[in-house]
1. Suppose we take every Cα in region 2-52 and form the convex hull; what volume per residue is that in Å³?
2. Report, ordered by chain and residue number, the lysines lying within cross-link reach of LYS25, taken as a straight Cα distance under 19 Å and ignoring same-chain residues fewer than 8 apart.
3. For the chain, what is the calculated [θ] at 222 nm in deg cm²/dmol (nearest 500), taking -39500 (n - 2.57) for each run of four or more DSSP H residues and dividing by its residue count?
4. Contact order normalised by length for region 27-86, with contacts defined as Cα pairs under 8 Å and 6 or more residues apart; what percent is it?
5. Rounded to whole Å and sorted largest first, list the principal axis extents of the Cα atoms in the chain.
6. What's the center-to-center distance, using Cα atoms, between region 1-52 and region 57-74 in Å?
7. In nm, what is the difference between 0.36 nm times the number of residues separating GLN68 and THR7 and their Cα-Cα distance?
Amino acid sequence: MIYYNVTVNIHESAHDQWLDWMQNKHINEVIATGKFSSARMVKVLVEEEMGGLTYAIQYTTDSKETLQRYYDEDAPRLREEGAKLFGDKILAFRTELELVSEH
């Protein structure tokens, strides 16, 4: 199992709009690509020196190949809307994680 983790820092002035967009539109659109089986959103509790609020969104997929298909077929279009809506008020980085074990 592969997790596609997107960590986002959002400026306080855009936080409420971004959170609504994420929970009611964007995450659903990512799931609707058919390349992920689930998603979870968590808030990072450590305060960042740069300010803002930080969240991590973890999408679950079956393989690196499926994730690559998402990058090739869907990611540019889905990322573009966030960039247009939030511009320099958002900073995101992405990490690929592989499940080793669950206990």
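1. Dividing the Cα hull volume of region 2-52 by its residues yields 85 Å³.
2. LYS35, LYS43, LYS84, LYS89
3. Mean residue ellipticity at 222 nm (helix-derived): -9000 deg cm²/dmol.
4. Once normalised by length, the contact order is 32 percent.
5. Computed over the Cα atoms, the extents are 36, 33, 19 Å.
6. 16
7. Fully extending the segment from GLN68 to THR7 adds 20.1 nm.
Where a number appears in this text, it was derived from the coordinates with a stated rule and is not lab data. Small disclaimer: the values here were computed from a predicted structure and weren't measured.
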